[in-house]
Amino acid sequence: MTRTMAIRLWNGRWLLAAGVVAVLIAFAFAGLSAYVLVPALLLLLAAAILPAAGMRQSEENAAAIEAIGLQRLSGEYLAAAVADPLIIFDQAATIVHANAAAFAAFGGIAPGLSLPLKFRAPEMQTLLDSVLSGTIASDVVDYTEKLPVERAYRVSASSVGHGTDLYVLVFKDQSEARRIDRMRADFIANASHELRTPLASIAGFIETLRGPARNDPAAREQFLQIMQNQTGRMARLIDDLLSLSRLEMKPYLKPGTEVDLRQTVDSVIDSLGPLARETSVAIERDFAAGPLNVPGDRDELFQVFENLLENACKYGQSGGRVVVSIAHSDGAEPGIDVTIRDFGPGIPEEHIPRITERFYRIDVETSRTQKGTGLGLSIVKHILTRHNARLTIKSEVGKGAAFSVHLPTA
């Protein structure tokens with residue numbers, strides 16, 4: 001009460017001051033009695049403390065607006081504002097309301113439908129029983145919806161207010177988090193396996209060199225060469241892992257310079273000349289005339305074309321030749337296409353969507369024989385993402401494979 005009076009006095013301080021000055025002037029010049037002065041000042045003070053009619057009206061209007069807003073703020077409005085699937089149900093476990101996200105996620109949901117019939121999983125039945133029985137106010141379980149697409153949810157159930165006999169289910173989609181966790185676990189397992197294999201081989205040869213082959217120069221030379229190859233494989237794997245880590249830390253690139261694709265691809269072909277001769281593969285060029293410049297990082301694009309051409313020479317060597325072509329794109333997006341085509345065994349169609357995954361191999365033994373780490377195409381994909389570019393793979397078994405890189409020119 002005292003606080004309210006103080007606020008009102010503060011809000012009306014200028015009006016009160018003006019009134020006091022007016023009364024004092026009237027007292028001084030009109031010869032008013034002191035008996036008139038004191039009541040006049042008291043009346044001014046009371047006028048400042050008491051709420052004005054306009055203020056009362058304003059407060060009443062604000063209260064009316066708030067009441068209308070509260071009436072409109074129903075469960076339906078709140079459910080619609082929630083991005084996650086949300087279902088309101090009653091004491092009989094019957095759906096009262098479901099928001100649009102719930103309809104999209106589960107379908108076939110309508111008021112009056114029984115929740116135990118819709119969600120038959122044991123964990124959902126236990127969740128509903130525990131909340132409806134009143135033993136706990138809220139509970140959380142993990143639930144997986146199998147159809148039409150498998151999705152993992154963290155489902156929470158709780159009562160709505162007190163004495164409403166209404167309850168709410170909220171489904172938090174955990175699918176992406178679970179997918180990332182699986183990828184991380186797979187990555188660690190694959191990396192560990194790829195490192196463990198050469199380490200086990202080196203350990204075995206060291207044991208042999210210390211034992212039976214101690215005094216066998218020929219065996220010692222052979223084993224040392226194998227150990228050198230295995231350490232080289234581990235070094236390549238670690239280098240690729242570091243490259244992939246750097247690319248993932250900075251997924252997007254601001255093009256600061258222009259790259260001459262003709263010069264860059266020529267450099268890649270020249271650098272892989274010894275590998276082409278070793279695998280008996282002839283590399284043919286088919287470059288468009290005129291400037292072939294794109295914005296980007298020259299070293300990273302060199303790495304892209306080196307990976308693709310190296311794979312073409314290794315895995316398509318049975319075809320005897322590889323064609324490297326550069327052409328202006330004919331599509332709606334202005335750009336330049338670089339295509340590396342081999343004429344080897346090709347890639348089965350079911351492998352193409354997964355071929356850029358880390359450590360994914362079509363033929364494990366062939367890949368290891370060719371000294372592959374299983375990370376090359378994953379690095380290619382990440383570099384192209386940084387350049388706002390894309391990789392297209394076309395292949396037919398027995399007729400080779402073509403890897404096309406589309407790079408925007410602007």
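Please treat every number below as a calculation from the coordinates, not as lab data. Everything quoted here is computed from the prediction, not taken from an experiment. Quick reminder, even Gly has a Cβ in these numbers, built from the backbone with ideal geometry, and neighbours come from all protein chains shown.
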FRET efficiency, 1/(1 + (r/R0)^6) with R0 41 Å, evaluated for Arg179 and Ala327 via beta carbons = 0.65
key: Fewest-first ranking of Asp299, Asp173, using other Cβ atoms within 10 Å as the exposure measure   = Asp299, Asp173
query = Which of the trypsin sites (Lys or Arg not before Pro) across segment 119-193 are loop residues per DSSP, with 14 or fewer other Cβ within 10 Å?
reply = Arg120, Lys146
ask   = Points 7 angstrom from Cα along the Cβ direction at Asp165 and Val149: gap in nanometres?
value = 4.0
message = Can you compute the FRET efficiency between Ala104 and Arg298 using 1/(1 + (r/R0)^6), with r the Cβ-Cβ distance and R0 = 60 Å? Round to the nearest 0.05.
response = 0.85
Cβ-Cβ FRET estimate between Ala83 and Leu224, R0 fixed at 45 Å, reported to 0.05 = 0.15
query = Over the Cα atoms of segment 183-267, what Rg and Dmax result, in angstrom?
reply = 20.0, 60
ask   = Whole number please: convex hull volume per residue of the Cα set in segment 258-408, in Å³?
value = 106
remark   = Between the modelled labels at Glu284 and Lys250 (7 Å from Cα along Cα→Cβ) the distance in nm is 3.9
key: Hits among aspartates and glutamates - C-alpha to C-alpha of Lys381 under 16 Å, sequence gap 8 or more where chains match   = Asp240, Glu248, Asp297, Asp299, Glu300, Glu306, Glu310, Asp337, Glu357
ask   = Could you give the length gained on full extension between Ser267 and Ile352, defined as 0.36 nm per residue of separation minus the Cα-Cα distance, in nm?
value = 27.8 nm
note = The residues Glu123, Glu145, Glu310, sorted from fewest to most surrounding Cβ atoms within 10 Å, come out as Glu123, Glu145, Glu310
